[in-house]
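S.K.: Quick one: structure below, then a few questions.
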Amino acid sequence: MRGIIAAIALAAAVTGTASAAAPDAKIDAIRMQLFYQTSGTLSADMTPTPDGWANTVIGEGRAREPADDMIVSVVLSSEAEAVSLDPPVTLIVRGENNMVLAKRVFESVYLRHHRVVLPLFVTGIGCVGPVIAEASFAGQKTVSKVSLLCNE
């Protein structure tokens, strides 16, 4: 009888440890959007079409208006209706030669209605070349890339 009780207690302890280690949310996507200087609006997400964003500073290429800044955001979701995330969410944007263009660490994140979108404003990106955004949370990592070139 003691052996059965010990086995049940061990199974409960192992199951409890495994579920406690599982993250409460997952990274769904990274979005990269130009901030249009004329209207103050945002472009569509550039990540599905990472090339062709040349000369954004003068509103050419895929850009509808002049844009020298962008919003990079990470989208997280959860099966829970509402959850407070314990580990921080980190969002880093890098340019050529791995140079950090912007970084933000979200220490306290609250998801409501199953999702949250966390923004990072990146300035002076008009002719920066390749841009790589990396989001990390609870052992998860997602990377998105776009190319912002200027044709001479």
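The values are calculated or read from the model by the stated rules, or taken from the named source; none is laboratory data. For clarity, every value in this text was computed on a predicted model and none was experimentally measured. Please note: Cβ atoms are built from the backbone with ideal geometry, for glycine as well, and neighbour counts cover all protein chains shown.
S.K.: Scanning the stretch 66-87 for residues that are part of a loop (DSSP other than H, G, I, E, B), of a type outside the set (D, E, K, R) and under 23 Å from Lys103 (Cα atoms), which turns out modelled with the highest pLDDT?
M.R.: Applying the filter and picking the extreme gives Ala67.
S.K.: Check whether at least one residue in the stretch 50-69 is closer than 16 Å to Asp28 by Cα, surrounded by 16 or more Cβ atoms within 10 Å (Cβ to Cβ), in contact (Cβ under 8 Å) with a residue 60 or more places away in the chain and of a type outside the set (Ser, Thr, Tyr), and report yes or no.
M.R.: No - not one qualifying residue is present in the stretch 50-69.
S.K.: Just checking, does the stretch 109-126 include any residue being of a type in the set (D, E, K, R), more than 30 Å from Asp24 (Cβ to Cβ) and not in a loop (DSSP other than H, G, I, E, B)?
M.R.: Just the residues of the stretch 109-126 that are of a type in the set (D, E, K, R), to begin with: 112, 115.
Restricting the remaining residues to those that are more than 30 Å from Asp24 (Cβ to Cβ) gives none.
No, because not a single residue in the stretch 109-126 is of a type in the set (D, E, K, R), more than 30 Å from Asp24 (Cβ to Cβ) and not in a loop (DSSP other than H, G, I, E, B).
S.K.: For Ala63, are the conditions met, namely being among the aliphatic types (A, V, I, L, M), in contact with a helix residue (DSSP H, G or I) (Cβ under 9 Å, 6 or more places away or on another chain), assigned to a loop (DSSP other than H, G, I, E, B) and at pLDDT 95 or above?
M.R.: no
S.K.: Which of the residues that make up the stretch 118-152 are under 16 Å from Ser78 (Cβ atoms) and loosely packed, with under 12 Cβ neighbours inside 10 Å?
M.R.: Matches in the stretch 118-152: Gly139 only.
S.K.: Continuing with the same structure: Across the stretch 88-109, which residue is modelled with the highest pLDDT among those that are closer than 24 Å to Asn151 by Cβ and either touching a His at 6+ places or on another chain (Cβ under 9 Å) or among the charged types (D, E, K, R) (or both)?
M.R.: So the residue we want is Arg94.
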